[in-house]
Amino acid sequence: AQSVAQPEDQVNVAEGNPLTVKCTYSVSGNPYLFWYVQYPNRGLQFLLKYITGDNLVKGSYGFEAEFNKSQTSFHLKKPSALVSDSALYFCAAYNFNKFYFGSGTKLNVKP
Amino acid sequence: DSGVTQTPKHLITATGQRVTLRCSPRSGDLSVYWYQQSLDQGLQFLIQYYNGEERAKGNILERFSAQQFPDLHSELNLSSLELGDSALYFCASSSSDTRTDTQYFGPGTRLTVL
């Protein structure tokens, strides 16, 4: 079965420290990969996507993601976390006309 | 504000009933996507329409149907509702039918089935 896994339900990090939110995928072919953020009581917002090319993708709000084909991973990163980054983050994969979403990771950035 | 609007914001109904959720895409966007977000199933892609035609289907139940009208707004119809249909339903839009286009999400409709 095709799936996207976010192994951590929650990630805690101190403001100013680097953050990583993990994502691995089990989707056949060469899926497109996405990261979205969801703030409380709001819809999802697009952060970044990987289609092809450079394995390091830069996105909105200083986020970037590293694609690793051999490990089928697409981890979200930010060099210096902000309290305002606290939200729910979703990884997604798209292939063969279908989207597959991870279960989400809650990021808590403490002052 | 993404520019995508969804109505109503909240909907409370009973099992067995039918409801219609409405979505207006961003100005100029031709594609509309529907998603369901529930506690047990997480976020699931339901269906996509492009310029009035169905383009992709995800995990949409047979009790659910959608359409996109000539003015590009879309409606998601949920019938014979069950308790498990309680969820947040999101609509998103993008400019083309390429699913890799950036999708802009609406604020969602929270459906509660009692």
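See the values below:
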quantity: Shielding of A:35-42 by partner chains, average beta-carbon count, 10 Å; calculated: 3
quantity: Only Lys, Arg (+1) and Asp, Glu (-1) charged, at Cβ; the stretch A:23-77 dipole about Cα centre in debye; calculated: 120
quantity: Chain A - percent relative contact order, Cα under 8 Å, separation 6 or more; calculated: 37
quantity: Formal net charge of residues neighbouring A:Gly62 (Cβ-Cβ distance under 9 Å; K, R +1; D, E -1); calculated: 0
quantity: Partner chain coverage, peptide A:86-98 - average Cβ within 10 angstrom; calculated: 2
quantity: Cβ-derived FRET efficiency at R0 35 Å, B:Asn51 paired with B:Asn77, nearest 0.05; calculated: 0.95
quantity: At R0 = 41 Å, FRET efficiency that the Cβ-Cβ distance of B:Arg110 and A:Ile51 yields, to 0.05; calculated: 0.80
quantity: Taking all pairs of distinct alpha-carbon atoms in the protein assembly as shown, Kirkwood radius in angstrom; calculated: 17.9
quantity: Computed lengthening from B:Arg63 to B:Ser27, 0.36 nm per intervening residue step minus Cα-Cα distance; calculated: 10.0 nm
quantity: Integer Hz, Karplus 6.51/-1.76/1.60 couplings in order for the stretch B:37-42, x for Gly and Pro; calculated: 10, 10, 5, 8, 9, x
quantity: DSSP-defined beta bridges in the stretch B:9-114 - what % are antiparallel, rounded to 5; calculated: 90
quantity: Cβ charges +1 (Lys, Arg) and -1 (Asp, Glu), total dipole of chain B, debye; calculated: 180
quantity: Whole-Å distance, taken between Cα centres, linking the stretch B:1-70 and the stretch A:47-111; calculated: 24
quantity: Burial order of peptide ranges A:16-23, A:74-81, B:15-22 (average beta-carbon count within 10 Å, highest first); calculated: A:74-81, A:16-23, B:15-22
quantity: Alpha-carbon radius of gyration plus Dmax, which is the widest Cα pair, for the stretch A:1-91 in Å; calculated: 12.9, 38
quantity: Relative packing of A:44-51, B:37-44, which averages over residues the other C-beta atoms within 10 Å, highest first; calculated: A:44-51, B:37-44
quantity: Length-normalised contact order for chain B - Cα pairs under 8 Å, 6+ apart - percent; calculated: 37
quantity: Dipole magnitude of the stretch A:54-104, debye to nearest 20 (Cβ charges: Lys/Arg +1, Asp/Glu -1, about Cα centre); calculated: 100
quantity: Simple label model, 7 Å out from Cα along Cβ direction - A:Lys106 to A:Lys77, nm; calculated: 2.7
quantity: Diffusion coefficient, µm² s⁻¹, Stokes-Einstein with Kirkwood Rh over alpha-carbon pairs of the stretch B:1-109 at 25 °C and 0.890 mPa s; calculated: 178
quantity: Karplus 3J(HN,Hα) series, Hz, for the stretch A:101-111 with 6.51 cos²θ - 1.76 cosθ + 1.60 (x for Gly, Pro); calculated: 10, x, 7, x, 10, 8, 9, 10, 10, 9, x
quantity: Backbone HN-Hα couplings from phi across the stretch A:81-86 [Karplus 6.51/-1.76/1.60, Hz, Gly and Pro as x]; calculated: 6, 10, 4, 5, 7, 4
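Coordinate-derived values only; no laboratory data. Quantities reported herein were computed from a predicted structural model and do not represent experimental measurements. Using ideal geometry, Cβ is built from the backbone for each residue, glycine included, and neighbour counts are taken over all protein chains shown.
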